[in-house]
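Heads up: the structure comes next, in structure tokens.
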Amino acid sequence: MNKYRAIRLIVFIIIVIVIFFSFNKFKSIVNKDHINDYEWLKDNVKLVKSGGIYVVDKDNSINIYSDNYRKVIDEKIHDKLNMSYTLNEPFILYNAYGTNTQSVNMYFSTKEKYNVKYTISVDDENIHDFSKVLNGNLTSKHAYQIIGLVPGYLNNIKIELLDENNNVSQKYNFEVDLVNQKTKSQAKLKISESSDDTNLYDGLYTVLGNDSGSGNYLAMYDNDGILRSEIPIMNYRANKILFKDNYMYFSISSKKIVKMNNLGEVVDIYSTKNYKINYDYTFDDKGNLLVITSDTKKKTVEDQIIMINTDTHEITNLVDFSSIFSDYIEFCEDNPDTIKDINSNGLNYLGLNSIEYIDNSILVSSRETSSIIKVDNINNEPKISYIIGAKELWKDTNYYDLVFEKKGDFVINAGQSDCRYNDQYITMFNNNYANQSSYSINKEIYKDLGITNTEVNTGTKSMFYKYKIDEDNKSFELVDSFIVSYSGINGNAQVLDNGNILIDSAINGQFSEYDSNHNAIKSFKVKLNKNQVYRVYKYTFNDYWFK
């Protein structure tokens, strides 16, 4: 009898499990239909008032980047704006478009023209007030996204109207309760080193994905390491933020880049179609996007530069490096030890990880060859202009004569990341990592070059490097450098407008801001989900959110 009861119990459990998974599968299918169902979204997405401000009431599974959702939210906001709002009774909406969990949108009109200043404060003596003047000229029609709300606290926001002489004309206060808010990012970063904060550059540290496996957000921190903005993305990571004409551009998945206005509204989405985004993108002089990608129809990866026309969305394969380096590829193999982006599946013989546009030319960083490559005439017949790297690594190839001469006694760059060009100077995060596993020739040359780090996670040091390029004499020299924490792959080095240098040592989850004399002012430690913090840049967001 007990045997039959046991059998019936097992059968019952199996039936329950089947029903459970079937229900969740059905729910998933229904939710996918809802994402594309404008009428359902219109009926089920609502703006409701809560504690004096409005919030968006919706199913959490809805894709905030879907066309119909964006359309529905925009319509509902504009319906509200048909009413008259003043500073004493403004329309305030928390996280209006779902694209910034630490924000509210504020709308109101005034009789006279004013600028608007806001200050966010919380009841914690260790968290400083966050105060900004919002972007825009003197106006009587006010529409802003106010960022900087602190998760886990009751946020008090003070609004001040400023006349043309910056005198305060009127004030307004309101509160936003985020006491129970959960974030994907750390709410506060650990500070591992600190000196005189007054020397820090004014901006927000922008963490572009916490490791390759779970980078589904874009997080921004103030100079105290307090989270002030979190932008959710779909998958992969946001490789960089670009700014143009009061819009912000960044990747939200392996095949999509969005254009967002300063209210948090996505106004356009650019698909890369059969290309997968890798590491970096920039603008050309016509405002087109140039993107490092992998062509899913090719056997090679991280070697295609596509151009996306930001008006028509048309995609052009601008530079196909597999064609330029066709004879080099013959000596390469798809080695399992070769480092690849999470979007890559194929032969990675170059590993392009940064791109700069220079007057119908591009400058790309090739991690796999430890070289920086300039390509001219990209809009017609691209050809290599020069290569910055160790001549020894190109000795047995047809590209040897294109490698510039190294002037001076220094250990050359290896496995470098984030190469940036400015008026004959190239700066970079020199990973100082010896790896060229896809190339079957000259594997021992790195030792002769003095580069001994062969492990991604453990090594002696990485460096900030600055080269001066002499195109006339076909040479380069090291004009500035200093030692930083080791990271075998990824990381970045950003020279800020005040001369400070921001360094992200990706593998150990640490980023630091140094003064112009290479002294560390402040260092932050990010809790890693898996293995690295891809890159960290510091942006002022002036002429976007702030004046």
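Compute the signed sum of charges (Lys and Arg +1, Asp and Glu -1) over the other residues within less than 13 Å, Cβ to Cβ, of Phe91. Its environment carries a net charge of +2. Straight Cα distances below 16 angstrom link Lys111 to the aspartates and glutamates Glu89, Glu160, Asp163, Glu164, with same-chain residues fewer than 8 positions distant left out. Over all other residues within a Cβ to Cβ distance under 12 Å of His518, the charged ones net out to -2, with Lys and Arg as +1 and Asp and Glu as -1.
Per-residue ellipticity at 222 nm, computed for the chain from helices alone with -39500 (n - 2.57) per DSSP H run of at least four residues, works out to -3500 deg cm²/dmol.
Give me the extension gain from Phe174 to His78: residue separation times 0.36 nm, minus the current Cα-Cα distance, reported in nm with one decimal. Mind dumping the intermediate values first?
Working: separation 96, 0.36 × 96 = 34.56 nm, distance 2.22 nm.
Fully extending the segment from Phe174 to His78 adds 32.3 nm.
Judged by the ratio a/c of the largest to the smallest principal axis of the C-alpha gyration tensor, region 421-522 counts as oblate, that ratio being 1.5 or greater while a/b is no larger than b/c. Checking the cross-link pairs Lys117/Lys244; Lys158/Lys244; Lys132/Lys525; Lys255/Lys522; Lys158/Lys182; Lys113/Lys182 against a 28 Å limit on the alpha carbon distance flags Lys158/Lys244; Lys255/Lys522; Lys113/Lys182 as lying beyond it. Relative to the longest principal Cα axis of the chain, at what angle does helix 67-80 sit, 0 to 90 degrees, rounded to 10? Value to nearest ten degrees: 40. Using the average count of surrounding beta-carbon atoms within 10 Å as a protection proxy, the listed peptides 141-151, 463-473, 387-397 rank, highest first, as 141-151, 387-397, 463-473. Cα-based radius of gyration for region 41-177, normalised by 2.2 N^0.38 Å, reads 1.09. Across the chain, the relative contact order, built from alpha-carbon pairs under 8 Å that are at least six residues apart, equals 11 percent. Working from label points 7 Å from Cα in the Cα-to-Cβ sense, the Ser61 to Ile384 distance is 5.2 nm.
Give me the net charge for the shell around Asp311: Cβ to Cβ below 14 angstrom, other residues only, Lys and Arg +1, Asp and Glu -1.
Values: positive: Lys244, Lys259, Lys286; negative: Asp245, Asp268, Asp284, Glu314.
Charge balance near Asp311 sits at -1.
Using a cut-off of 28 Å between Cα atoms, the listed pairs Lys286/Lys383; Lys256/Lys286; Lys184/Lys538; Lys259/Lys468 include Lys259/Lys468 as exceeding that distance.
What FRET efficiency, computed as 1/(1 + (r/R0)^6) with R0 = 51 Å and r the Cβ-Cβ distance, is obtained for Asn422 and Asp43, rounded to the nearest 0.05? Spell out each step's value before the answer.
Values: r = 53 Å, r/R0 = 1.04.
My answer for the efficiency is 0.45.
Given R₀ = 51 Å, what would the calculated FRET efficiency be for Asp497 paired with Ile10, taking r from the Cβ atoms and rounding to 0.05? With a Förster radius of 51 Å, E is 0.15.
Spin-label model, Asn246/Lys395: points 7 Å from Cα along the beta carbon direction are separated by 5.9 nm. The long axis of helix 2-35 is offset from the longest Cα principal axis of the chain by roughly 90 degrees. Among Cys332, Cys419, sorting on how many other beta-carbon atoms sit within 10 Å of each Cβ, with the fewest leading, yields Cys332, Cys419.
May I ask you to compute the full-extension gain from Glu193 to Ile17, defined as 0.36 nm times their residue separation minus their alpha-carbon distance, rounded to one decimal in nm?
Additional length available on full extension: 58.2 nm.
DSSP beta bridges in the chain, what fraction antiparallel, as a percent rounded to 5? Please report the intermediate quantities before stating the final value.
Details: 134 of 141 bridges.
Just about 95 percent of them are antiparallel.
Bear in mind these aren't lab numbers, they're just calculated from the coordinates by the rules spelled out. Values in this document were obtained by computation on a predicted structure and should not be read as measured data. Note that we place each Cβ from the backbone using ideal geometry, even for glycine, and neighbour counts take in every protein chain shown.
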